[in-house]
1. Roughly how many nanometres apart are two label points built 7 Å out from the Cα toward the Cβ at GLU267 and CYS82?
2. Mind giving me the nanometre distance, one decimal, between the label points for SER185 and ASN158, set 7 Å out from Cα along Cα→Cβ?
3. Which entries in the list LYS105/LYS176; LYS49/LYS265; LYS279/LYS323; LYS112/LYS176 go over 18 Å, if you measure between the two C-alpha atoms of each?
4. Taking square-rooted eigenvalues a ≥ b ≥ c of the alpha carbon gyration tensor, is the range 13-82 rounded, prolate or oblate, where a/c under 1.5 means rounded and, failing that, a/b exceeding b/c means prolate?
Amino acid sequence: MKKLRIILLLFCFTKIVAQINLVPNPSFENYTICPTNLDEFNNLVDWEKYGETPDFFSPCNTSTYVGVPRNIYAFQDSIAACNHNYVGIGIGTNLFPGREAIGCKLKDSLIKNSKYYFSMKINLADTSNFASNNLGMKLYYIKPFIDYSFYTWYHETNSCTINFNNVEQNKTVWVKKFGSFIADSNYKYLLISNFYENSQTSYSQVANYPSSNFAYYFIDDVCLSTDSAYAYNYAFICGTITNYKFDYQIPKLSVFPNPTTNFLKIEGTYSPIISITIKNQQGITIKTFLDFSVNNYLDLSDLSSGLYFLTIVLSDKSINNIKVIINQN
């Protein structure tokens, strides 16, 4: 009887240990400050942007710009009825070569030769003209290089740990993505993006919005576990997160209004701006400003409506990439 009790305890303990999500902040609930604009992904706790300008959406923002359920890209409820946070990345098309990538350090290193299960939920944004395949997950043993520059993200290696090959076009409901793999190393970092070049990626045009030549996906409920059922069924439960963080954050450059019609005001407490480059969705440089001063206005009245990318270089050598939407009514 005693032996049976021990076996049962070991079984229960093994089951509990297996039901651990190795992804920290998997539903993007913990953050340092409520987002007020696009490209504020680094407001999230435990996550970093590894390529270009992924976005963070939350119901704490009561505007329709980066809020939940309504934001600049869609009217999309969160997975849970309580409308919690989610994030968004653009993964490029043949007309838009950029790649956005997000990543985190796992709670614990993977065990070599062990089997793991990965899941996440995705939804194509309403304003996406294109749907794409190859949204996937890649693991790294050491922290990968972070490249915020547009169009040149070096992680396009045409391989990843788990790759989802179907072109996901669903704009109405969240779609679960699930897969498994055998760890061939003691990986510590997880990244999500499209890790394949445009020539290795399939696209489908699903709409015809002006100047929206990218595939933009919302992402939520990311899970990595040794328990297949736990990973497959993983979901955020309303009321389980109570430790929201609104701590001090280092001031950074900001632009407003965004969307804009004819001008942008740039503010911040960083060192002086050396240059500002504006590119369109094809990566073509449209304008370049030199020796621009902080707290001045940037005249964009001669640009047509659409999505543009500002690269702002400061005298301390830091680079800031910002998405700007121009609406010329």
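Every number here is computed from the coordinates shown, using simple stated rules; none is lab data. In this text the structure is predicted, and so the values were computed from the model without any measurement. All Cβ positions, glycine included, derive from the backbone under ideal geometry; neighbour counts span all protein chains shown.
1. So the label points at GLU267 and CYS82 sit 3.3 nm apart.
2. Rounded to a tenth, the inter-label distance reads 2.0 nm.
3. Details: LYS105/LYS176 22 Å; LYS49/LYS265 24 Å; LYS279/LYS323 10 Å; LYS112/LYS176 26 Å.
In this structure, LYS105/LYS176; LYS49/LYS265; LYS112/LYS176 lie more than 18 Å apart at Cα.
4. Here the range 13-82 falls in the prolate category.
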